Every structure is written in structure tokens, then in C-alpha cells.
Amino acid sequence: RKEVEQDPGPFNVPEGATVAFNCTYSNSASQSFFWYRQDCRKEPKLLMSVYSSGNEDGRFTAQLNRASQYISLLIRDSKLSDSATYLCVVNAGTYKYIFGTGTRLKVLA
Amino acid sequence: DTGVSQDPRHKITKRGQNVTFRCDPISEHNRLYWYRQTLGQGPEFLTYFQNEAQLEKSRLLSDRFSAERPKGSFSTLEIQRTEQGDSAMYLCASSLAGQGANEKLFFGSGTQLSVL
């Protein structure tokens, strides 16, 4: 079993739609959680951290469920510019940042 | 530009040649990481430095790979006797220790290696 698992997609959604991605992790001792965005042939860029109480940044909402060991990302009112790969990242201690394979999102006009 | 910078952006080499990549982290960051990414996969951990000390290497890293961070600032990653399977994007990231759960990785734009 992979340490961090994501549905690779692609998720094809129309502009304005709401879309949600989940990510599961296997190490119950994991300490911090993030979503990164990666455009084609570019580096990953931090989208947002994920806090236990859930957090929101504009159209993006992240949630953490420690009991079930998953995190989620919700994107409301999707824009064409949201098309990218979204990487789930789990930190299990000091240097151990584990990346999922990413979920591809395509927002269609 | 105060972000993480990597050089070169692209490298094409013939099988069997040696290549070296450079990473300059964000200046105040004391932790530096190397990752490798292939198409359709997430970044895969290679090695980690805190200041000049290399504290961890992935078991996936063969003896042909070596990394240094001699003065705790920039880092180099060398691949000796390259193989076609080494073709990938090599990403460098840095972070600032001591922030607990708020510690985040910041990536450079990567070096795309193609081994012919």
C-alpha cells in the first residue's frame, strides 16, 4: 500500500463547478498536511496547509480527518486557471514529506 | 529573486556521462531536499541536508548518485555514469527548521534530465 494515495483523475469539470479531491495516508503518526499545485512541467507550488479544524482560502477549502486518515480539497466556482495537478503531501517527521501521485483537474469552458 | 533556484533548467546527455546539478535555496533556509519526479508520478525523496550535514538518503539512491552542501548554502547533485532510467525532473526544495507543523517546502523550477 502506498503511503499517500490519490485518485489520479483526470477530473473534467465545467467552469463554475465545485470539485473535491480526497487523499488517504497510511502513517497515523503524520504531523502536518499540505496541498500543492503543479502545472505541466513546472515545479510544485504550495496551495495551502491543512489544519485539524479545516481551513479555507478563498474558493479553496481543505479538511483533515485524522480518525479516517484522509484529507480533502474542495474547489468552488472552478476557473479555467485551476486546471493543474493537485498533489497531496503528508509530513511524517522532519524530512519525511511524502507526496501522492497527484490528481489531474481539467476545467472546461 | 529570493526563491529557490536551480541550474541548469534542462540537461541532455549521453548514457555513461556524468552530470551535475546545482541548487541555491532560499537564503535563510537551513534544510535542503532533493527529489526526483517522472511523468505521472509525485516527487520522490532522494536526500536531505540540514545545514551542511546530509542526514538522510533514500534507499532508492544508487551509489552513482552523490550530493553535497559544503557550506550549508548551495547544494550539488551529481549522477555518475548516467543511465536512461535516470531521465526525470530533479527538484530541489528548501525549508526553515523550527516551525513545527508550519514548516513548508518551497521548490525550485527543477532540472529536466534526458539521457539518450
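The values are calculated or read from the model by the stated rules, or taken from the named source; none is laboratory data. The structure presented is a predicted model; accordingly, all values stated were derived computationally and were not measured. Using ideal geometry, Cβ is built from the backbone for each residue, glycine included, and neighbour counts are taken over all protein chains shown. What goes into the accessible areas is simple: the full protein's heavy atoms, side chains included, and nothing from ligands, DNA or RNA. Shrake-Rupley method; radii C 1.70, N 1.55, O 1.52, S 1.80 Å.
Odds and ends about this structure:
- Within the same chain, lysines fewer than 8 places from A:Lys79 are excluded, and of the rest, those with a Cα less than 17 Å from its Cα are A:Lys106.
- Selected from B:Gln37, B:Gln99, B:Gln80 as most flexible by GNM, with chain B as the system and alpha-carbon contacts under 10 Å: B:Gln99
- Two-decimal ratio, chain B, of alpha-carbon radius of gyration to 2.2 N^0.38 Å: 1.02
- At q = 0.12, 0.15, 0.16, 0.24 Å⁻¹, base-10 log of I(q)/I(0) for region A:8-109 (Debye sum, equal scatterers on each alpha carbon): -0.37, -0.57, -0.65, -1.35
- Centroid-to-centroid separation of region B:77-116 and region A:17-45 [C-alpha atoms, Å]: 18
- For B:Ile12, the solvent-accessible surface computed with a 1.4 Å probe is close to 120 Å², ligands and nucleic acids excluded.
- Rough spin-label spacing in nm, given labels placed 7 Å along Cα→Cβ, for B:Ser87 and B:Ser5: 3.0
- 15 Å beta-carbon shell around A:Leu74, net charge (K/R +1, D/E -1): -1
- Candidates A:Val90, A:Val13, A:Val50, ranked by Gaussian network fluctuation over chain A, Cα under 10 Å, top entry: A:Val13
- Label-reachable residues, region B:83-116, where backbone N falls under 11 Å from a point 7 Å from B:Ile12's Cα toward its Cβ: B:114-116
- Computed over chain B with a Gaussian network model linking Cα atoms closer than 10 Å, the most mobile of B:Asp24, B:Asp86, B:Asp63 is B:Asp63.
- Among A:Glu43, B:Glu68, the order of accessible area from largest down is B:Glu68, A:Glu43, computed with a 1.4 Å probe on protein heavy atoms.
- Sequence-distant aspartates and glutamates (8 or more away, or on other chains) whose Cα lies within less than 12 Å of B:Lys14: B:Glu83, B:Asp86
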